[in-house]
Amino acid sequence: MTYNIVLCGVGGQGVLSVAAIIARGAMMEGLQVKQAEVHGMSQRGGAVIATMRISSEEIFSDLISEGQADMILSMEPLESIRHIAYLKKGGQLVTGKDPFINIPDYPDREELYSVINSIEGSMLIDTKNLAVEAGSQRAQNMVLVGSASKVLPIKEDTFLGAIENVFTRKGEDIVTINKKAFVLGRNS
Amino acid sequence: MSELVLLGDEAVAQGAIDAGLSIAYGYPGTPSTEIVEYLQDWKRKEDNSLIASWCSNEKTAYEAAVAVSMMGKRALVTMKHVGLNVAADAFMNSIGYTIHGGLVLAVADDPGMHSSQNEQDSRYYADFARTICLEPRNQQEAYEMTRDAFELSEKLHLPVLLKLTTRISHSRAVIKRGDVRPKNEFNPSKDRSHWTNLPFLSRQNYEDLWQQRPVLAEISESSDYNPLSINDRNKEVAVITTGLAYNYYKEAEKELENKPSHLHISFYPMPEDKIRKLAGSAARIIVIEEGYPFVERFLKGILPQAVQVDGKLNDVIPHLGEITPDICRKAMGLASFEKAEVKAFDMPGRPPQLCKGCPHTDSYKALNEVMAEYENPVVTSDIGCYTLGYFAPHNAIHSCLDMGAAVTMARGAAEAGAHPAVGVIGDSTFMHTGIQGLVDMLSAGNRVTLMILDNSITAMTGMQRTIVESSGIPEIVKGCGVDPAHVRTIVPLPKYHEENVKVIREEVEYDGVSVIIAQRACIHVVKAKYAKG
């Protein structure tokens, strides 16, 4: 089993923290993980992409081919479409619903949603409201992980353990909020 | 031993630690920065005796490391590919030295130019210098090669170049640690002839280096880092890979029925016998290499040959950008994967830009207002976040060449007749190689205004501490000889806009060298401070 994810968003949105939780979960289940990140200039408000490969076998490549992603997991709608060439036929698109607008020619929201919905089974997640419901707007990333977890080859309990693992040093409140955000995302 | 999840850069750092590293020097540069950051973290948590320091530039870093080797200890130097241009003088001239403590130069190339102005291939530098280059294909190998690099350096008395690329530096995987070697004791080399590049000594040193060639060739031929597999049943095509192209090829290879013979090269000088053996196995060789067509040119020469060589030189592989799994599949004649169908859509670009609240935005706004009052203003800029001033709405800069060029190019533009000629440079970049240009223009008596955008951090590469604090910069500038009356400090904030415009206007009209220091901390530094309380 090999599962390929393209993670995308805008620099500063926390794409890498999403990647970190999924990677931790996969490793807790004994799977191999390879994750290619983008650091440096593009992090300054530009489009960012990270690829993550989870596998029960040896993984050679950090990068994937077009049409090879099982999932595109995006922090915001426009970026979910930017790397759509990577999504395989029948692949899953999961994206936050709120646009991140820092360019003058950001497209019309409804048009964007219609493009996203033209892919079968797409999930448009209201991460902001669900995160607020969980206790902090900053937990939007975890809502997204929760939604993605519905199709990722990693168990719910493992994810909750990974969240605990990653956030413990930030205190019990933060763990609780992030777990709740995850569950809200998963049930959305 | 223990397993860790590490970036390629971090695997290099861990490999160096486990090889008995004493001291590391570097200058921040994407994608190499995380090596020294990891070592600094290691120092805080595990081993306070380790030294891991940022230096003012790559040359100073490399030279300091050479002296560590002279004292018998192991040293690591880190930089990005273009940083080696700055350190090249020291690197090239250290080759004639008889390296004592292991000296490893980790250079991270950036094919695809994710965060760089070119995609030069550091293998050429190793070849130019006639030393060893190692290029890992995964994080585990990055760890192991770093250890081997130290061993080779001490055994062959050469500095060893470890070549990384963006995708290995910034990709994360599990690595297994090996045993830990003790550090070297302080043990200075006593032979002065090994460390003095006087022509009569150098002649002998280079002769010795030349005589060592068969030794390097022998290591290369027998190295596991250059694995060769021959398939006698495929006489049509053979493959040579370098760098990460190995991984992409291995993925594609699974789908090939009659697998080509394959040589992967990650130890240089190249294994010439293995290459000949591979060439004898098939009518055509496809060379898939990350970076320049280095191996391919070596294979091809200019004379007609029996074996057809396909690669970047005849456009079978794209010459620009990084190698990808798709490029590999195509070269091997494999079809693309079936993609998801999606409604057509006109995708707008989203280039990187200055952050909301960035001090540079306010600096450029004030500068632009003054520049608009002139017919032919020239604003030369430099390497850092402020290069993003090229983009709208700022459209504020005319040039960006390399580290330090904002200063020297402003001088050249001024002497060619430009007025105003303004150089815009960051605090860290000014300390890197900006000072020399300031000294030049002072000695020439130019009419130039230098703006130092001091955000008190090396921001673009991810918040590394600058080696001189903000309070030190006016003193350095004055110390170089700038008239103190024309060393002005402004605070780039919207509320001081009018004031700042006035200062810039005055200094631009001053008939001499003036320096305006725009001092306000990077917004991320401020945020981090608030987060900590």
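The values are calculated or read from the model by the stated rules, or taken from the named source; none is laboratory data. Quick caveat, the model's predicted, so the values are computed rather than measured. For neighbour counting, all protein chains shown are included, and Cβ atoms are generated from backbone atoms with ideal geometry for every residue, glycine included. When the accessible area is computed, the model is the full protein with side chains, heavy atoms only, and any ligands, DNA or RNA have been set aside. Shrake-Rupley method; radii C 1.70, N 1.55, O 1.52, S 1.80 Å.
Quick one: which residues, 5 or more positions from B:SER56 or on another chain, have an amide H under 5 Å from its amide H? H modelled 1.01 Å from N in the peptide plane, none for Pro or chain starts.
none
Order B:HIS319, B:HIS194 by their accessible area, 1.4 angstrom probe, all chains in place, largest first. Can you show the working numbers first?
Numbers: B:HIS319 120, B:HIS194 50 Å².
The ranking, largest first, comes out as B:HIS319, B:HIS194.
For a quick check: with amide H placed at 1.01 Å from N, whose amide H comes under 5 Å from B:THR165's, ignoring anything fewer than 5 positions away on the same chain?
B:ASP109
Whenever you get a sec, line up A:ARG138, B:ARG520, B:ARG203, A:ARG24 from highest to lowest accessible area (probe 1.4 Å, protein heavy atoms).
Putting A:ARG138, B:ARG520, B:ARG203, A:ARG24 in descending order of accessible area: A:ARG138, B:ARG203, A:ARG24, B:ARG520.
Quick one: dipole size for the protein assembly as shown, taken about the Cα centre, charges +1 on Lys/Arg Cβ and -1 on Asp/Glu Cβ, in debye to the nearest 20.
In debye, rounded to 20, the protein assembly as shown gives about 980.
Among the lysines, which fall within straight-line cross-link reach of B:LYS312, defined as a Cα-Cα distance under 18 Å, with same-chain neighbours fewer than 8 residues apart omitted?
B:LYS300, B:LYS330
Just the number, please: percent antiparallel of the DSSP beta bridges in the range B:3-211, rounded to the nearest 5.
Working: 5 of 27 bridges.
Antiparallel bridges: around 20 percent, rounded to the nearest 5.
Taking K and R as +1 and D and E as -1, what net charge do the other residues with C-beta under 14 Å from the C-beta of B:VAL439 add up to? Spell out each step's value before the answer.
Values: positive: B:ARG411, B:LYS478; negative: B:ASP440.
Around B:VAL439, the surrounding residues sum to +1.
Pick out, from A:GLY14, A:GLY135, A:VAL38, the residue whose Cα sits farthest towards the positive end of the charge dipole of chain A, with +1 on the Cβ of Lys and Arg and -1 on the Cβ of Asp and Glu.
My answer, from the dipole projection, is A:GLY135.
Which order, highest average first, do B:65-74, B:227-236 follow once you tally other Cβ atoms within 10 Å for each residue and take the mean per peptide? Spell out each step's value before the answer.
Working: B:65-74: 21.8, B:227-236: 13.4.
Packing proxy ranking, top to bottom: B:65-74, B:227-236.
I'd like the accessible area for B:LEU320: 1.4 Å probe, protein heavy atoms, all chains in place, Å² to the nearest 10.
Counting only protein heavy atoms, B:LEU320 exposes about 110 Å² to solvent.
Output ³J(HN,Hα) for the range B:208-220: one whole-Hz value per residue in order, computed from phi by the Karplus curve 6.51 cos²θ - 1.76 cosθ + 1.60 with θ = phi - 60°, and x for Gly and Pro.
Karplus values, whole Hz, x for Gly and Pro: 4, 4, 4, 5, 7, 3, x, 5, 4, 4, 4, 4, 4.
Please report how far the C-alpha centroid of the range B:214-238 lies from that of the range A:8-55, rounded to the nearest whole angstrom.
Comparing the Cα centres of the range B:214-238 and the range A:8-55, I get a distance of 36 Å.
In the structure shown, do any of A:LYS155/A:LYS179; A:LYS155/B:LYS339; B:LYS43/B:LYS155 have a Cα-Cα gap over 19 Å, and if so which?
On the way: A:LYS155/A:LYS179 14 Å; A:LYS155/B:LYS339 27 Å; B:LYS43/B:LYS155 27 Å.
Correct reply: A:LYS155/B:LYS339; B:LYS43/B:LYS155.
With the contact rule set at Cα under 8 Å and sequence spacing of 6 or more, what percent relative contact order holds for the range B:228-331? It would help to have the intermediate numbers written out before the result.
On the way: 171 pairs, mean separation 33.7, N = 104.
The normalised contact order for the range B:228-331 reaches 32 percent.
Using a 1.4 Å probe and counting only protein heavy atoms, how much accessible surface gets buried when B and A come together, both sides summed, in Å² to the nearest 100?
On the way: alone 24590 and 9330 Å², together 29660 Å².
What B and A bury together is about 4300 Å².
If you place +1 on the Cβ of every Lys and Arg and -1 on the Cβ of every Asp and Glu, how big does the dipole about the Cα centre of the range B:3-211 come out, in debye to the nearest 20? Present the calculation step by step, with values, prior to reporting the outcome.
Details: 22 positive and 28 negative charges, 68 e Å.
Magnitude of the dipole: close to 320 debye.
Tell me, what ³J(HN,Hα) does each residue in the range B:57-72 have, in order and in whole Hz, if you take phi through Karplus 6.51 cos²θ - 1.76 cosθ + 1.60 with θ = phi - 60° and put x for Gly and Pro?
With coefficients 6.51, -1.76 and 1.60, one gets 7, 5, 5, 5, 5, 5, 5, 4, 5, 4, 5, 4, 4, 4, 7, x Hz.
Is there a simple number for the mean count of other chain Cβ atoms within 10 Å of the Cβ of residues in A:63-72, and what is it?
Values: counts 12, 6, 14, 8, 7, 8, 3, 0, 0, 1.
Partner Cβ neighbours, averaged per residue: 6.
Rolling a 1.4 angstrom probe over the protein heavy atoms, how many square angstrom per residue are accessible across the range A:2-187?
Values: 7140 Å² over 186 residues.
With the other protein chains kept in place, the range A:2-187 gives 38 Å² per residue.
Measure out, as a whole number of angstrom, how far apart the alpha-carbon centroids of the range B:457-533 and the range B:61-140 sit.
Going from one Cα centre to the other spans 33 Å.
So, with a 1.4 angstrom probe, what is the percent of accessible area on the range B:125-172 that is carbon and sulfur?
Details: 540 of 1250 Å².
Roughly 43 percent of what the probe reaches on the range B:125-172 is carbon or sulfur.
Send over the semi-axes of the protein assembly as shown's equivalent ellipsoid, whole angstrom and largest first, taken as the square roots of 5 times the C-alpha gyration tensor eigenvalues. Each step should come with its number before you reach the end.
Details: eigenvalues 306, 288, 128 Å².
The equivalent ellipsoid of the protein assembly as shown has semi-axes of 39, 38, 25 Å.
Taking the solvent-accessible surface of protein heavy atoms with a 1.4 Å probe, what is the per residue accessible area of the range B:359-529 in Å²?
In whole numbers, the range B:359-529 has 41 Å² accessible per residue.
Checking the a/c ratio against 1.5 first, then a/b against b/c, what shape does the Cα gyration tensor give for the range B:228-331? Could the numbers behind the result be given before it?
On the way: a/c = 1.37, a/b = 1.04, b/c = 1.32.
Verdict is rounded for the range B:228-331.
Once you sort the root eigenvalues of the Cα gyration tensor of the range B:117-158 as a ≥ b ≥ c, which label holds: rounded (a/c under 1.5), prolate (a/b larger than b/c) or oblate (the other case)? Display every interim value, and only then the final one.
Details: a/c = 3.36, a/b = 1.17, b/c = 2.88.
Cα axes put the range B:117-158 in the oblate bin.
Lys and Arg at +1, Asp and Glu at -1: add these up for the other residues within a Cβ distance under 13 Å of B:ALA335 and post the number. It would help to have the intermediate numbers written out before the result.
Working: positive: B:ARG329, B:LYS330, B:LYS339; negative: A:GLU66, B:GLU255, B:ASP326, B:GLU338.
Computed value for this residue: -1.
Can you sort A:LYS155, B:LYS330 by solvent-accessible area, 1.4 Å probe, largest first? Intermediate values should be presented prior to the final figure.
Values: A:LYS155 135, B:LYS330 165 Å².
From most accessible down to least: B:LYS330, A:LYS155.
Under the rule of -39500 (n - 2.57) per DSSP H run of 4 or more residues, summed and divided by the residues of the protein assembly as shown, what mean residue ellipticity at 222 nm is obtained, to the nearest 500 deg cm²/dmol?
On the way: 26 runs with 273 residues, N = 721.
Dividing the helical sum by the residues of the protein assembly as shown leaves -11500 deg cm²/dmol.
Let me spell out the model: positive unit charges on the Cβ of Lys and Arg, negative unit charges on the Cβ of Asp and Glu, origin at the Cα centre of chain B. What dipole size does that give, in debye rounded to 20? It would help to have the intermediate numbers written out before the result.
Values: 54 positive and 68 negative charges, 150 e Å.
Dipole magnitude for chain B comes out near 720 debye.
Restricting to bridges with both residues inside chain B, how much of the DSSP beta-bridge set is antiparallel, in percent to the nearest 5? It would help to have the intermediate numbers written out before the result.
Numbers: 10 of 67 bridges.
Around 15 percent antiparallel, to the nearest 5.
Shape of the range B:428-533 from its Cα gyration tensor (a ≥ b ≥ c, root eigenvalues): rounded if a/c is under 1.5, otherwise prolate when a/b > b/c, or oblate?
On the way: a/c = 2.68, a/b = 1.47, b/c = 1.82.
The shape class here is oblate.
For the range A:178-188, what does the Karplus curve 6.51 cos²θ - 1.76 cosθ + 1.60, with θ = phi - 60°, yield as ³J(HN,Hα) per residue in whole Hz, taken in order and with x for Gly and Pro?
Rounded to whole hertz, the list is 5, 5, 5, 4, 4, 5, 4, x, 5, 8, 6.
Under 5 Å between amide H atoms, partner at least 5 residues away or on a different chain: which partners does B:GLY426 have, H built in plane at 1.01 Å?
B:LEU453
Using a 10 Å cut-off around each Cβ of peptide B:187-195, what is the average number of partner chain Cβ atoms that fall inside?
That works out to 0 on average.
Put +1 on the Cβ of every Lys and Arg and -1 on every Asp and Glu Cβ in the protein assembly as shown; which of B:LEU21, B:GLY481, B:VAL82 then has its Cα farthest towards the positive end of the dipole?
Of the options given, the answer is B:LEU21.
Take every Cα-Cα pair in the range B:318-453 and report what % of them are more than 19 Å apart.
60 percent
Evaluate the distance, in nm, between pseudo-label points positioned 7 Å from the Cα of B:TYR510 and of B:GLN436 along their respective Cα→Cβ axes.
2.5 nm
Taking the DSSP beta bridges in the protein assembly as shown as the whole, what percent of them are antiparallel, to the nearest 5?
Details: 27 of 96 bridges.
Percent antiparallel among DSSP bridges in the protein assembly as shown is about 30.
Can you tally the net charge around B:GLU373? Count Lys and Arg as +1, Asp and Glu as -1, for every other residue whose Cβ sits under 15 Å from the Cβ of B:GLU373.
On the way: positive: B:LYS365, B:LYS502, B:ARG505; negative: B:GLU369, B:GLU375, B:GLU498, B:GLU506, B:GLU507, B:GLU509.
Surrounding charge for B:GLU373 is -3.
Summarise the partner chain shielding of B:349-357 as one whole number: the mean count of Cβ atoms from other chains within 10 Å of each residue's Cβ. All intermediate terms of the calculation are to be shown ahead of the outcome.
Working: counts 5, 15, 7, 11, 6, 2, 6, 3, 0.
Going residue by residue through B:349-357 and averaging, the value is 6.
May I ask which residue of B:ILE490, B:VAL525, B:VAL501 lies farthest towards the positive end of the charge dipole of the range B:407-533, with charges of +1 (Lys, Arg) and -1 (Asp, Glu) on Cβ and the Cα centre as origin?
After comparing all options, I get B:VAL525.
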